[in-house]
Amino acid sequence: MIIGTVRILPPLDRQGVVREVLQSVQGPVRAQPGCNACDIYYEQGPEPAIVFIERWDSDEALEAHLCSDMYRRILGAIELSGGRPEIRFEHVSASEGMELIERLRNPGAPTSAG
């Protein structure tokens, strides 16, 4: 899985435009083959930010997305950032949930795997 994160720092007068652009692409991005999730978050505080997070099944799916016309619109929103935007693509090879917590908090307990 690949997690793409874009953190945009739009000036106050551009926040609405950035929000509208990202909201307009959210549904179509979710519908693209290989997309597991596409979410928008709003950070409050002294440096308000809009964070756009995507989760992709494969490098191929992500690469097709990055070369698409849809991503051109996302790049347009990134260009509206007042500060340096943060862009990251993280390749996740494994993930765990509650089972990790249970295993670490109860090291002697039997697990469901064995």
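If you go through segment 19-52 and keep only what is out of contact with any strand residue (DSSP E or B) (no Cβ under 7 Å at 6 or more places or on another chain) and either modelled with pLDDT of 95 or more or within 17 Å of residue 68 (Cβ to Cβ) (or both), you end up with 20, 21, 24, 25, 27, 28, 31, 32, 33.
On the given criteria, is residue 25 within 17 Å of residue 5 (Cα to Cα), in a helix (DSSP H, G or I) and in contact with a His (Cβ under 8 Å, 6 or more places away or on another chain)? It is false that residue 25 is within 17 Å of residue 5 (Cα to Cα), in a helix (DSSP H, G or I) and in contact with a His (Cβ under 8 Å, 6 or more places away or on another chain).
Take the conditions closer than 19 Å to residue 3 by Cα, among the acidic types (Asp, Glu) and touching a Cys at 6+ places or on another chain (Cβ under 9 Å) and apply them to residue 90. Does it pass? In short, no. For first residues located in segment 92-114 and closer than 27 Å to residue 59 by Cα, partners that are modelled with pLDDT of 90 or more and among the aliphatic types (A, V, I, L, M) and lie 6+ apart or on another chain with Cβ distances below 9 Å form the pairs 92/1; 92/2; 92/3; 93/1; 95/1.
The values are calculated or read from the model by the stated rules, or taken from the named source; none is laboratory data. This is a predicted model, so every value here is computed, not measured. All Cβ positions, even for glycine, are placed from backbone atoms using ideal geometry, and neighbour counts span all protein chains on display.
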